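Working notes, structure below.
The values are calculated or read from the model by the stated rules, or taken from the named source; none is laboratory data. Just so it is clear, the model here is predicted, and its values are computed rather than measured. Glycine gets a Cβ as well: all are built from the backbone with ideal geometry, and neighbour counts include every protein chain shown. For accessibility, only protein heavy atoms count, side chains too; no ligands or nucleic acids. Shrake-Rupley method; radii C 1.70, N 1.55, O 1.52, S 1.80 Å.
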Amino acid sequence: MSSAPSPPHVVEDCLGILQVLSDGSILRSPNPVVPVPVRDDGTVVWKDVQFDAAYDLHLRLYKPRNRLPSDGLKLPVFYYFHGGGFCFGSCTLSAYQNCCLRLAAELRAVVVAPDYRLAPEHRLPAAIDDGASAVEWLRRQAVSPDQDPWLAEAADFGRVFISGESAGGNIAHHMAVRFGSAAGRAELHPVQICGFVLMMPFIGGIQRTRSEAQCPKELFLNLEANDRYWRLSLPAGGTRDHPLANPFGPESPSLEAVEVEPVLVVVAENDLLRDRGVDYAKRLEGWGKRVKLVEFKGQQHAFFYFGAWSEPVDELMTVIKRFMDEVGTGLG
């Protein structure tokens, strides 16, 4: 007499937000990793817009409610790709909304916060492709007779910045490589990307760095979680040295000859990914790229996500604003 099959059990658990079962099914919780209230004082307005009909992907668009004399004729456009290890997250989550409200208010910018397909249902390069689709949406808007009225009224298509936090920082890197060449710039015309901001970028590699090896287990992003996100998001059979994870892996194309606009790399002292971010910036600098590295002492991974109105984020806003103001005249 055969015994009844055992019920499916959890084989991968990402903070209880995403669970993969032994039968391959996937459970997702609507609850955020860190529930925080939205801090919306009305000085920034926002709305949701579909940018990819094929995959029903949306972005959240933000702009200051009132223009100031200091804003000039139009406002810069600032992309913000959210984090989540490529496995969870959405531009609609309250913590990310707080980040974008802060960016729009402090930078006096039109903020574009796109969603992208998530792993493991949609493994990489799906998120990278969706990032490019979100940037290409802006080009279509720039040349469309039916341009979104917010963009028509406020957006300076000649001053566009691409940023991302954690996994979003990885996406921002790939956008820098894709659109940095003459062909890539021509593809986006009349949109002009002036710089990239990589905040604690989610970069991988098989060889452990010192900050990875010494990472305390109790941190939000620890080594076990880091490896799990790569395991679930990389193409089947891919390792952490896959070119989508490790820009300097054995199979990754060299970035030495790649044209990129100025890059600001933000790292946190107590972040598992700290050493990879530092190495990324130093390698680009060694190849003559315009790159600026800023380290936040005493902070851990995703400190922007955890506290959009904290004192460290006050400093982060100053750093980003200074970078945006400097890139037209050089990084001093």
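For the residues R67, R60, R102, R39, the requirement of being under 15 Å from the mean Cα position of the chain (by Cα) and touching a residue at least 40 places away in the same chain (Cβ under 8 Å) singles out R60.
Would you call G204 among the small types (G, A, S), within 26 Å of A113 (Cα to Cα), in a loop (DSSP other than H, G, I, E, B) and in contact (Cβ under 8 Å) with a residue 60 or more places away in the chain? Yes: the conditions hold for G204.
Give the residues of region 245-261 that are surrounded by fewer than 22 Cβ atoms within 10 Å (Cβ to Cβ) and under 17 Å from the mean Cα position of the chain (by Cα), sorted by residue number. Across region 245-261, the qualifying residues are N246, E261.
For region 42-57, a residue qualifies if it is in contact (Cβ under 8 Å) with a residue 60 or more places away in the chain, surrounded by 15 or more Cβ atoms within 10 Å (Cβ to Cβ) and under 26 Å from C194 (Cα atoms), and the qualifying residues are V44, V49, F51, D52, L57.
When residues in region 109-154 are screened for being part of a loop (DSSP other than H, G, I, E, B) and in contact with an Asp or Glu (Cβ under 6 Å, 6 or more places away or on another chain), 2 of them pass. When region 115-134 is filtered for residues that are out of contact with any helix residue (DSSP H, G or I) (no Cβ under 8 Å at 6 or more places or on another chain), over 19 Å from I26 (Cβ atoms) and either at pLDDT below 95 or small (G, A, S) (or both), the ones remaining, listed by number, are S133, A134. The condition (being at pLDDT below 95 and at positive phi) is satisfied by just one residue among G180, G237: G237. Summed over region 270-317, the residues that are open to solvent by 70 Å² or more (accessible area, probe 1.4 Å), assigned to a helix (DSSP H, G or I) and closer than 27 Å to R39 by Cβ give a count of 3. When G85 is tested against (1) touching a strand residue (DSSP E or B) at 6+ places or on another chain (Cβ under 8 Å); (2) under 25 Å from T318 (Cα atoms), exactly one condition is not met: (2). A95: more than 16 Å from F304 (Cβ to Cβ), crowded, with 19+ Cβ neighbours inside 10 Å and aliphatic (A, V, I, L, M), yes or no? Answer is no for this residue. Residues in region 105-138 that are touching a strand residue (DSSP E or B) at 6+ places or on another chain (Cβ under 8 Å) and farther than 18 Å from A54 by Cα: A105, L107, R108, A109, V110, V111, V112, A113, P120. May I ask you to verify whether V267 is under 20 Å from I162 (Cα atoms), without any contact (Cβ under 8 Å) to a residue 60 or more places away in the chain and either open to solvent by less than 30 Å² (accessible area, probe 1.4 Å) or not in a helix (DSSP H, G or I) (or both)? So V267 fails the test.
Go through region 286-302 residue by residue and tally those that are within 19 Å of C215 (Cβ to Cβ), without any contact (Cβ under 8 Å) to a residue 40 or more places away in the chain and hydrophobic (A, V, I, L, M, F, W, C). Count: 1. Regarding region 292-299, can at least one residue be identified that is in contact with a Leu (Cβ under 6 Å, 6 or more places away or on another chain) and at pLDDT 95 or above? Yes. Taking region 139-155 as the range and being closer than 19 Å to A186 by Cα, among the aliphatic types (A, V, I, L, M) and open to solvent by 40 Å² or more (accessible area, probe 1.4 Å) as the test, only V143 passes. In summary, A213 fulfils each of the numbered conditions (1) open to solvent by 10 Å² or more (accessible area, probe 1.4 Å); (2) touching a His at 6+ places or on another chain (Cβ under 9 Å); (3) hydrophobic (A, V, I, L, M, F, W, C) with the single exception of condition (2). State whether the residues of region 99-117 include one that is under 27 Å from N226 (Cα atoms) and open to solvent by 20 Å² or more (accessible area, probe 1.4 Å). So far as region 99-117 goes, yes, one or more of its residues are under 27 Å from N226 (Cα atoms) and open to solvent by 20 Å² or more (accessible area, probe 1.4 Å).
This table checks each residue for (1) surrounded by 24 or more Cβ atoms within 10 Å (Cβ to Cβ); (2) in contact with a helix residue (DSSP H, G or I) (Cβ under 9 Å, 6 or more places away or on another chain); (3) in a helix (DSSP H, G or I).
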position: F157; (1), (2), (3): no, yes, no
position: N170; (1), (2), (3): yes, yes, yes
position: E187; (1), (2), (3): no, yes, yes
position: G195; (1), (2), (3): yes, yes, no
